[in-house]
Amino acid sequence: MDKLKFVKTVKFGLDFYTNRSKGAGILAAMLQTCGENETVIAYSVKYENRTKAVMKTCSYYAKVENDKLPELLETDKQLYEILPGDNESRPMKICFDIDLTGSREDDPLQKVKTEIQNLLPGVEMNISGSRKYIDKRKIKFSYHLIAGNYHVNTIEEFVPIKAFCCAEQNKAMGFDPLIYRKNGLLKFVNQSKGDGRVQKILEGSKELVDHTVMQNVSSQSVHLDKVDGLEQYILHNPGNKRKRVSKGDPKLKKLKLIDIGDIPRMNLEPPVGLDIYRANPSQLLSFMPCPKRGDIFQLSNWLNCEVARWCKTVGISFEEFWEWCKQKDYSQTRFERYKAFFERVKEEEFPKSEKFLKECIMAVYNKDILKSAPFRVMDAAVNRHFDHKIDRRWLKGEDILLSKSVKHCVLHVPLGGAKSQSVVEYIVQQIKESPTIRILWLTC
């Protein structure tokens, strides 16, 4: 390592390095030189910046051989795992970070597990965490949940998981979306931040590396893009950050990203005639709800401005935009303010994606919005004559209702609906009830 750029210190028998000056790029250098059987780890220390009179954090990085990592993690050394932000393909297990403060009854673990199980079918979770009283009544709950049989290959592929964590109901349970960033740090199992809150193994495997993101990724693991239903959470790509120029200042400033919390989750039934795949911009605008001021689902001023920017990008006039916008509140002052904003927007400098309003519509309507209009018509016609309906996504053996009077059962579910699994469960149950029964199962 370049001594002019990096500072070396020895801890736990390893050579740790940090930048000698800001921007020296120690982590990038470590990742580039990391061998196939090595892992880059981090160690963070806090120090006081006397100039600004604030506490700061400094991270040191080291490379450790994979087979020596379990021994290193047996005791608390305040070590962190790194979610690499380079574009190299590195399999990473799906991970969730939960942080919540409340009373003993507010422990979110069971609710969190249920949400993840609904999101990732058949998930195998390894859970570590800590529960520590911060006063007589309040407990700090901290959990790491690792999905051992699901993975992504780059940090960018965590986008659906980050959007899921940003959902208002999930944020309330403590899901933290901030860990899914380039070169983000995640506390290793058996480690703490120096405050005594050690991430002890709670459930799942007893092997320490099974509670890591980068180690022991199974060859049978399912890639995240094979999971259905994640589209409803994806409202933005964290990698695509748009900037704007402030008034009278050529200096660029970051603009607020689209957050799932900014778009109300109304869970509305899609109206007749709305086909998100074929609708033109004017039709999309007309189907986007704009509740009156004071309504629980009223749209924020920021979101209205983003819709105005989108309208100008796709060629919708201010008059048409205002017909939609005034549903919230019609006043001359508001009209003049939005008209002035519409006129000064330069769509060629900061264009909105044409998919923007589709993403908003996907947020406010229920999951049926992803079905095309012809499919919804067909679906309603077919399902009208069904004798038995289920309100789950996957079939179970108990859903197969056969008897002496009922000789056949049609399973009407989409691909991935667990048809084969439900039939196996049904057959197993029949054999348990009648051990001598003979069953012939034909499939194609």
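The values are calculated or read from the model by the stated rules, or taken from the named source; none is laboratory data. Because the structure is a prediction, the values reported are computed rather than measured. Glycine gets a Cβ as well: all are built from the backbone with ideal geometry, and neighbour counts include every protein chain shown. Please note that ligands, DNA and RNA were not included when accessible areas were found on the heavy atoms of the full protein model with its side chains. Shrake-Rupley method; radii C 1.70, N 1.55, O 1.52, S 1.80 Å.
Here are the numbers:
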| item | result |
| --- | --- |
| Meets criteria (open to solvent by 70 Å² or more (accessible area, probe 1.4 Å) and closer than 30 Å to Lys226 by Cα) for Asp391 | yes |
| Any chance Gln327 is surrounded by fewer than 18 Cβ atoms within 10 Å (Cβ to Cβ), modelled with pLDDT of 90 or more and in a loop (DSSP other than H, G, I, E, B) | yes |
| Selection count, region 96-137, where residues are of a type in the set (S, T, N, Q) and closer than 20 Å to Met214 by Cβ | 2 |
| Strands (runs of 3 or more DSSP E) contained in region 44-130 and holding at least 2 residues open to solvent by 40 Å² or more (accessible area, probe 1.4 Å) | 54-65, 92-102 |
| Index of the failed condition, Glu157 passing every other in (1) more than 19 Å from Lys113 (Cα to Cα); (2) in contact with an Asp or Glu (Cβ under 8 Å, 6 or more places away or on another chain); (3) not in a helix (DSSP H, G or I) | (3) |
| Which listed residue is open to solvent by 70 Å² or more (accessible area, probe 1.4 Å) and not small (Gly, Ala, Ser), from Leu411, Leu440 | Leu440 |
| Residues satisfying the stated conditions in region 178-227, i.e. of a type in the set (A, V, I, L, M, F, W, C), outside any loop (DSSP other than H, G, I, E, B) and under 28 Å from Glu88 (Cα atoms) | Leu178, Ile179, Leu185, Leu186, Leu208, Val209, Val222, Leu224 |
| Sole residue being under 13 Å from the mean Cα position of the chain (by Cα) and either open to solvent by 10 Å² or more (accessible area, probe 1.4 Å) or touching a residue at least 24 places away in the same chain (Cβ under 8 Å) (or both), chosen from Ile134, Ile179 | Ile179 |
| Qualifying positions in region 330-343 - more than 35 Å from the chain's Cα centre (by Cα) and part of a helix (DSSP H, G or I) | Gln332, Thr333, Arg334, Phe335, Glu336, Arg337, Lys339, Ala340, Glu343 |
| Candidate set from region 21-36 (those that are surrounded by 10 or more Cβ atoms within 10 Å (Cβ to Cβ) and assigned to a loop (DSSP other than H, G, I, E, B)); member that is modelled with the lowest pLDDT | Ala24 |
| Index of the failed condition, Leu285 passing every other in (1) part of a helix (DSSP H, G or I); (2) modelled with pLDDT under 90 | (2) |
| Test result for Ile155, touching a residue at least 40 places away in the same chain (Cβ under 8 Å), surrounded by fewer than 21 Cβ atoms within 10 Å (Cβ to Cβ) and in contact with a strand residue (DSSP E or B) (Cβ under 8 Å, 6 or more places away or on another chain) | no |
